[in-house]
Amino acid sequence: MEFTDLQIAFSAMGILLVLIALRLPVGFALFIVAVGGVAALKGWDVAAGMIRNEPFDFAAHWSFSAIPMFLLMGAVAHNSGISNSLFYAARCWFGGLPGGLAVATNFACAGFAAASGSSTATAAALGKISVPEMSKAGYDIGLSSGTVASAGTLGAMIPPSIAFVLYGIFAEVSISKLFIAGVLPGLLTAGIYALMIIARCKVNPSLGPPLEIKMSFMEKVIALKDVWPLLVLIVAIIGGLYGGLVTPTEAGAFGAFVAVVISFLQGRMNLRVLKDSVLEALAGTAKIFWVAIGAVMLTRFLAMAGAEDFLKDLVGSWAAEPLLLVLAASLIYIVLGMFLDPLGVLLLSLPLLLPMFEALDLNLIWFGVLVVKYIEIGLLTPPVGLNVYVIKSVVGPEVSLETIFKGVGWFLVCEVLVVLLLVFFPQISLFLPSMMQ
Amino acid sequence: DKAYVYGQWLPPKHNVNLWGLKPLVKELGDKGIKWKLVTGGQLFKAKGTLKGVGNRTAEAGLVVPSYHRTQLKHAFIISDLLMIGRNELIMNGAAHETMMLECPECMNDYKRQGLIYLAGYGVGGYSMLCRTMVTKYTDIKGLKIRTTGALGRWAKKLQGIPVSMSMSDTPEAIKRGNIDCIAGPVAWLKSYPIVDSIKSVLNYGLGSYSGLGLFVMNRKAWDAYSDKQKRTMWDAMPGTIARTVIDGYVGDDLISRQMAKKQGIKITKTGAKMLDIWNEHKKGEVALAVKNASKMKAKNPQSIADKFVANVKKWEKIIADAGLENAIANATPERSSLAKASAIYKGLMIKHIYSKIDPTKL
Amino acid sequence: MLLNPNSKYIQGPTNALALVGGVAIILLMLHVVADVMGRELFRFPLEGTLEIVSFYYMVAVTFFPLAYVCHNEGHISVELFTKNLPRRGNHRLEAILLLISFIFTLWFATETWSRALESYAEGEMWETADDMISVWPSRFILPIATLMMAIYLFFRMFHEARLSMSTKTD
Ligand code: NA
Ligand code: NA
């Protein structure tokens with residue numbers, strides 16, 4: 001019996017889900033299904049050729065160096081105690097509010113996003129700093145880990161952003177405008193997240209118990225003086241970027257270095273701290289990249305199976321009506337985002353969707369904001385949600401993947417609201433760019 | 001039966017796709033030869049092209065020799081000599097003549113990978129795109145310039161500081177000042193999001209990276225064609241090359257200049273002094289390319305380089321005699337005005353190269 | 001005991017490879033910072049930083065810790081659907097998953113090994129800002145790292161299989 005390429009692709013995706021549910025590590029599952037699928041489509045030598053070349057080409061990549069570096073920075077900041085001080089101060093100021101620390105973490109991510117170009121890197125940098133501290137304060141682990149995983153996605157919405165750069169190159173639209181366009185949607189997302197956290201903790205205070213803070217205003221101000229190490233770290237990174245010292249990719253290594261120097265100056269750096277931090281960063285990188293490389297292989301397989309044509313047929317007549325096209329695009333992004341990494345999602349979708357959006361004369365800056373929003377959502381959705389995996393790899397074995405995915409669920413509800421707002425009020429994305437020139 | 005797949009990594013709207021490959025796919029389709037263009041790196045990235053087409057992940061692709069210099073050690077000599085010629089029209093003609101007619105080693109580089117080189121193209125006429133005001137070559141001294149390979153040596157010659165940087169970091173870096181200039185064609189103002197950050201362009205129109213594989217095909221897939229199909233494919237190549245080089249790159253150059261004008265970017269043409277430096281620099285480049293190739297155990301690198309140098313001279317004359325430069329100088333950014341130039345160039349490719357080869361005996 | 005995945009004969013090389021990865025991550029940081037400082041303070045970027053980071057440190061950081069990750073914590077996986085399996089069934093399932101992973105990893109190692117040999121024979125090089133750099137040595141990181149992971153998975157597989165047999169009851 002002959003199978004069509006599409007039948008092979010659908011069977012492969014079914015097998016993938018089964019393998020993941022049987023707890024085969026996600027990376028292995030992606031690899032095996034992708035390679036097996038390619039072998040079925042094109043023969044074993046093509047499959048072997050993919051193994052021979054793709055993993056090396058993926059890893060040997062400058063832009064990705066920000067990920068191990070921000071993981072290292074986060075681990076150093078945590079293990080040397082740099083991050084304790086911030087959370088001590090955050091406790092003084094926000095601890096009395098329900099879910100105050102989670103709200104503080106949410107906005108810390110938004111601030112850090114202004115320095116980092118990638119969502120995984122943002123989650124990596126703040127995950128290790130904030131989740132253990134929230135646990136100490138008695139926060140629900142689903143809430144704390146979900147907050148960082150989700151707020152980490154602001155990394156790509158708030159400029160600078162690798163995702164916008166890639167989109168800009170594909171769509172041939174101004175990246176400066178895309179960057180500006182991402183600001184309000186990013187802040188909007190952070191704001192809605194914050195409201196949701198506060199509301200949930202009001203209803204159920206055990207999620208993020210308000211702490212009893214008996215401090216005078218002056219005492220609170222004095223507590224700020226210990227915050228300097230982390231402030232120096234963040235200011236150094238943001239200043240380094242906007243002052244033209246480092247590129248967004250170099251900011252990772254620079255941040256890690258500054259964290260090492262600060263902890264050294266504070267006398268908190270020793271061989272133990274260094275070893276633990278390096279091993280954490282190392283294991284985190286290897287785990288995340290093993291999955292990401294698998295996702296790239298799956299992208300190749302889907303492309304070979306003719307995903308583009310399939311999606312084109314799927315969108316079909318919907319492509320004539322703006323709202324229907326947006327809806328179809330949304331569905332495509334949500335499904336692709338479940339399984340693929342951001343780059344894979346962009347590669348498979350843009351060659352198909354860009355011409356359709358252009359044909360309807362829809363604004364490509366606005367579409368860019370939507371696309372980035374969707375690939376951010378893909379970082380949070382099971383089974384392959386890279387931001388969730390990042391948090392999983394920084395919090396360690398005590399917390400299960402399901403707990404984090406569950407914690408992210410509430411944030412995904414917020415994302416639905418954000419997407420609706422972005423779709424029906426394009427001004428949110430286009431107001432700031434329209435002020436340029 | 002199934003369409004063959006042409007896979008490459010350039011974005012769907014890149015001018016190579018728009019002007020070169022999409023019309024080619026249509027033309028061949030009309031003549032009963034089915035091809036499907038898969039863009040944007042879905043199947044493989046630039047680096048993966050040689051292996052990807054070799055193992056038939058796709059039946060054809062676009063090859064950048066720099067990414068495969070060890071496999072294409074003879075053919076790469078031509079690309080490595082990017083600083084010896086003035087523009088892509090000349091260099092691309094000379095590259096085709098050298099590779100296809102005079103350098104069996106170059107063609108064998110591709111054969112060894114299970115490939116066949118059917119058409120190439122060249123890009124270039126390089127400039128310095130800078131965030132500061134650079135109007136003469138002395139302004140370059142001490143500036144940090146994003147370069148690769150031979151362009152880096154040229155930047156050094158001008159006393160600039162070559163910096164390696166990924167193209168994805170480059171737009172931010174030029175905006176914030178991590179680098180001062182980008183060594184590249186003026187057309188990059190259009191293809192990369194840098195136009196807001198650039199203040200001046202020092203346009204010296206020197207150098208052209210040629211020998212790019214515009215249509216490199218899997219050998220078995222090619223062998224499966226009938227003689228008639230092979231001829232149809234072959235006959236479609238010169239037009240594809242002309243459209244890619246003229247309508248695509250020259251056209252983008254014109255549009256970029258228009259963009260520059262609108263943005264108030266100052267474009268300065270270089271003077272005689274810079275040409276002197278260039279003439280001196282060229283000599284060292286030939287020796288270096290030969291040395292690089294010898295390091296990789298290439299056979300007869302000197303003779304390949306010599307042939308290419310001679311062909312560049314020859315094509316300088318061919319292009320001048322054809323009146324191409326006039327046809328381009330009179331063109332406006334509307335692409336139709338390039339139609340004449342494109343037709344002339346296609347004719348030159350046929351006359352000097354494609355008519356001299358029997359595609360059934362490749 | 002020979003088939004124990006925790007024996008020092010397996011732990012030693014696993015940790016040694018992680019150590020190399022650790023050195024690479026520190027070098028990555030220092031090298032990039034030195035390049036930034038050189039470029040911004042002295043207008044003297046370190047030639048080849050981007051290429052060395054990409055082709056050496058990143059490859060080492062990505063692949064060398066793979067076996068270490070298997071032993072500590074394990075690769076990322078979803079445990080929701082299997083957590084209520086009886087203990088014996090759990091060991092059996094684990095042994096089968098390890099067998100699958102082992103076979104794949106071994107294949108991965110052999111393919112990347114022959115790719116590395118090919119790259120070595122060609123003397124594979126890449127372009128820097130104005131020169132060239134050899135990259136073939138780092139191709140060998142993949143087969144070395146994944147062979148170590150394959151060995152680890154192999155012994156773990158026997159370990160789990162034996163546990164499944166010795167676990168009489170649930
Ligand atoms: Na950002
Ligand atoms: Na997902």
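FYI, it's all coordinate maths here, none of it is from the lab. Computed from a predicted model, the values in this text were never measured in an experiment. Heads up, the Cβs are rebuilt from the backbone with ideal geometry, glycines too, and the neighbour counts pull from every protein chain shown.
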Fewest first, what order do B:Ser336, A:Ser116, A:Ser263 take by the number of other Cβ atoms within 10 Å?
B:Ser336, A:Ser263, A:Ser116
Over 30 Å between alpha carbons, listed pairs A:Lys177/B:Lys340; B:Lys111/B:Lys340; B:Lys34/B:Lys361; B:Lys141/B:Lys346; B:Lys13/B:Lys313:
A:Lys177/B:Lys340; B:Lys111/B:Lys340; B:Lys141/B:Lys346; B:Lys13/B:Lys313
Sequence-distant or interchain residues sharing an amide H contact under 5 Å with B:Val163, placed H: which?
B:Ile145, B:Arg146, B:Thr147
Point-to-point label distance, A:Leu362-B:Lys31, nm (Cα→Cβ direction, 7 Å offset):
3.8
Residues in the stretch A:298-322 near a label at A:Phe10, defined as backbone nitrogen under 19 Å from the 7 Å Cα→Cβ point?
A:301-317
Nearest 0.05, what FRET efficiency do B:Lys351 and B:Lys141 give at R0 = 45 Å with Cβ-Cβ as r?
0.50
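Charges only on Cβ, +1 for Lys and Arg, -1 for Asp and Glu: so what's the dipole of the protein assembly as shown about the Cα centre, in debye to the nearest 20? Write out the running numbers ahead of the final one.
Values: 89 positive and 71 negative charges, 228 e Å.
Charge dipole, the protein assembly as shown, about its Cα centre: 1100 debye, nearest 20.
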Among C:Thr128, A:Thr122, C:Thr112, B:Thr170, which comes first, second and so on when ranked by fewest other beta-carbon atoms within 10 Å?
C:Thr128, B:Thr170, C:Thr112, A:Thr122
Residues listed by number, the stretch A:285-313, amide nitrogen under 18 Å from A:Leu331 label point at 7 Å toward C-beta
A:307-313
Per residue, what volume in Å³ does the convex hull of the Cα atoms of the stretch C:1-60 enclose?
64
Give the residue list of GluC sites (Glu not before Pro) in the stretch B:267-362 that are DSSP loop and have at most 14 other beta-carbon atoms within 10 angstrom.
B:Glu334
Averaged over A:305-317, how many beta carbons belonging to a partner chain fall within 10 Å of each residue's beta carbon?
1
Applying 1/(1 + (r/R0)^6) with R0 = 25 Å to the Cβ-Cβ distance of C:Ser134 and B:Glu102, what FRET efficiency is obtained, to the nearest 0.05?
0.25
Considering only C:Met29, C:Met157, C:Met149, give the residue with the highest GNM mean-square fluctuation for chain C, with springs between Cα atoms whenever their separation is below 10 Å.
C:Met29
Mean-square fluctuation check for chain A, GNM, Cα pairs under 10 Å: which of A:Leu370, A:Leu282, A:Leu360 is largest?
A:Leu360
Residues of the stretch A:135-149 with amide N under 17 Å of the 7 Å Cα→Cβ point at A:Leu417:
A:147
Per-residue Cβ neighbour rank within 10 angstrom, fewest leading, B:Asp235, B:Asp80, B:Asp227
B:Asp227, B:Asp235, B:Asp80
Running a GNM on chain A with Cα contacts under 10 Å, which residue among A:Leu364, A:Leu271, A:Leu298 ends up with the highest mean-square fluctuation?
A:Leu271
Computed [θ] at 222 nm, helices only, for chain C once each DSSP H run of length n ≥ 4 contributes -39500 (n - 2.57)
-23000 deg cm²/dmol
Would you please give the residues with an amide H less than 5 Å from that of B:Val186, counting only those at least 5 places away or on a separate chain, with H modeled from the backbone geometry?
B:Ser127
What per residue convex hull volume, in Å³, do the alpha-carbon atoms of the stretch A:371-437 yield?
97
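Which percentage, to the nearest 5, of the DSSP beta bridges contained in the protein assembly as shown is antiparallel?
60
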Starting from the Cα of B:Lys361, step 7 Å along the direction of its Cβ; do the same at C:Asn84; then give the gap between the two resulting points in nm.
7.6
At q = 0.04, 0.05, 0.06, 0.08 Å⁻¹, what is the base-10 log of I(q)/I(0) for the protein assembly as shown according to the Debye formula with one equal point scatterer per Cα and no solvent? Please give it to two decimals.
-0.19, -0.29, -0.43, -0.77
Give me Rg/Rg_expected for chain B, where Rg uses Cα atoms only and Rg_expected = 2.2 N^0.38 Å with N residues.
0.95
Given H placed on each backbone N at 1.01 Å, which residues far from B:Gly205 in sequence or on other chains put an amide H within less than 5 Å of it?
B:Tyr126
Just to be sure I understand the model, the point goes 7 Å from the Cα along the line to the Cβ. What's the resulting A:Phe425 to A:Leu22 distance in nm?
4.9
Among A:Ala90, B:Ser226, B:Leu212, whose Cα sits farthest toward the positive end of the charge dipole of the protein assembly as shown (+1 at Cβ of Lys/Arg, -1 at Cβ of Asp/Glu, about the Cα centre)?
B:Leu212
Which one, A:Ser63, B:Met99, A:Ser277, is farthest towards the positive end of the dipole of the protein assembly as shown when Lys and Arg carry +1 and Asp and Glu -1 on their Cβ?
B:Met99
Once the Cα atoms of the stretch A:64-434 are picked out, what are the Rg and Dmax in Å?
20.4, 66
How long is the gain from A:Asn270 to A:Glu402 if the chain were fully straight, where each residue apart is worth 0.36 nm and the alpha carbon distance is subtracted?
44.0 nm
Subtract the Cα-Cα distance of C:Ala34 and C:Ser7 from 0.36 nm times their separation in residues, and report this length gain in nm to one decimal.
5.7 nm
For C:Ala16 and C:Ile103, what does the FRET efficiency come to when R0 = 22 Å and r is the distance between their Cβ atoms, rounded to the nearest 0.05?
0.30
Output for the stretch B:205-252: trypsin sites (Lys or Arg not before Pro) sitting in coil per DSSP, at most 13 other Cβ within 10 Å, listed by number, reads none
